[in-house]
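The structure appears below as structure tokens.
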Amino acid sequence: MFTAAVVVMLLIMSAAAVSGVRTSWVTALGARVVVPTMSVARSVRSFVATFMSRRDLVREDAQLQAQLQDSEHQTAQIALLSQELETARAAAELHQRITGSYTEAGIVAWPREGGVREVIIDRGSRDGIEVGDDVVTPHGALIGTVRSTGSDSATV
């Protein structure tokens, strides 16, 4: 539409220049045709720019929808694993998590004599460690129980 208006305008101006006619009416006609046409062209350009930016938004929305689905899938997997963990705890008769105070300790020796699996930790009776205490990892996995204690060490 804009191209057609420009072509018509150029034809009118060319005809006026060739015939020697004064161009004041041509200029007035051009102002009445070109100015509104330019306004329409600006509106069309703005619409197209908006549409193109919307395409980016649509692409971003699709990516966010995919991330949301992935997050929902992971949440469902976590819920399933939590349910399996609770079932395993019930089967092992571990109905409660270990409560009470913890004493952090490090493994200082891992003797492997006679096929016995035991570790020696760097905490003992001076630190409140007693025979029969459970020894667990920071994540709650059972390592064993204390078999004997010294003042600064214990055998698990």
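The values are calculated or read from the model by the stated rules, or taken from the named source; none is laboratory data. Quantities reported herein were computed from a predicted structural model and do not represent experimental measurements. For accessibility, only protein heavy atoms count, side chains too; no ligands or nucleic acids. Shrake-Rupley method; radii C 1.70, N 1.55, O 1.52, S 1.80 Å.
What about Ala105, is it within 36 Å of the chain's Cα centre (by Cα) and either at pLDDT 80 or above or open to solvent by 100 Å² or more (accessible area, probe 1.4 Å) (or both)?
No.
Scanning segment 108-131 for residues that are within 28 Å of Leu85 (Cα to Cα) and open to solvent by 50 Å² or more (accessible area, probe 1.4 Å) yields one hit, Arg117.
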